[in-house]
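Laboratory data are not the source of any read-out in this text; all were calculated from the coordinates shown. Nothing here was measured: the structure is a model prediction, and the numbers come from that model. Neighbour counts run over all protein chains shown; Cβ positions are idealised from the backbone, glycine included.
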Amino acid sequence: MTFEIYAPDLGEVAAKYRIDPRFIYKNLERMLSSGPISSVVNIKTAEKFPVSVDDLDPKKGILLKVRELPKSTLSSFMNQECYFVAGLSLGKLQFPISGLRSNESGLLTCDIPKTMSLLQRREHFREKAPPDRAFKALIFFTVGKEMIGDIVDISDYGLQLDLRLGATEMEIGKIWKDCTLERLTAKTAKFDLIIRSLRPSPLESSRIRVGCELHEPTKLNLNEFYSTRLAIQNARVNRRINYWYQDASWS
């Protein structure tokens, strides 16, 4: 049987992809509970073979079931620099393997990792907005005229809004100036958005989804969008989504 398995991304991993060491075990439980086919990769030879997680224990480590033997022997992976890689819907989960060994049941065991990364598949990964009704986008037109947009998702470079159909003129290429992200009394610096896509809302015929990109952003704009997207991602990964705003630089 052919398994779809992945090689790790080596080299320095961006901070935004690294999982807080305090929450590594909880995330292993959550992400690997469905038993995705993963791989053990020998960094020196690039050889890999598929495994699935049979059990997790904070003291005994990770129990791995070999799904298909490598071309060489399993012993050739012992005491070598190896990585564990799992392809998930959220992205590619990877960590360096420590203490890889066989047990009496014919399974493999390795230690719980001290470092772990979740690499997103897309360069400009979009994070679903938190279930926080106080988190909004404010689009400013003129004094006394503004529009509040529900945020569907956000990336480092833009966001998708859910708006009332006909609330204002909308066309691809139109620029909205002096917008902000707001939560209660906190708000970002002003930024400009350019409309990149328009499509009907999948939920209500009276609403529309508007994909927007930052237009000529300042360094502060980019930092605040990055901080917001990362804060939401980390809060969701660490099961603290209701407190996402605590790590956003502007909140």
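Brief remarks follow.
- Inter-residue pairs, beta-carbon under 7 Å, first free of Cβ contacts under 8 Å to residues at least 40 places away in the same chain and in region 61-82, second in a loop (DSSP other than H, G, I, E, B), 6+ apart: Pro70/Glu47; Lys71/Glu47; Ser72/Glu47; Phe77/Leu100; Met78/Leu100; Gln80/Lys44; Glu81/Ile43; Glu81/Lys44
- Residues (surrounded by 15 or more Cβ atoms within 10 Å (Cβ to Cβ), assigned to a helix (DSSP H, G or I) and of a type outside the set (A, V, I, L, M, F, W, C)) located in region 203-251: Asn221, Asn223, Glu224, Tyr226, Ser227, Thr228, Arg229, Gln233, Asn234, Arg236, Tyr245, Asp247
- Elements of type strands (runs of 3 or more DSSP E) in region 86-169, at least 3 residues being of a type in the set (Gly, Ala, Ser) and touching a Lys or Arg at 6+ places or on another chain (Cβ under 9 Å): none
- Residue, farthest from Asn27 (Cα to Cα), within region 52-85, restricted to residues that are of a type in the set (Asp, Glu) and not in a strand (DSSP E or B): Glu68
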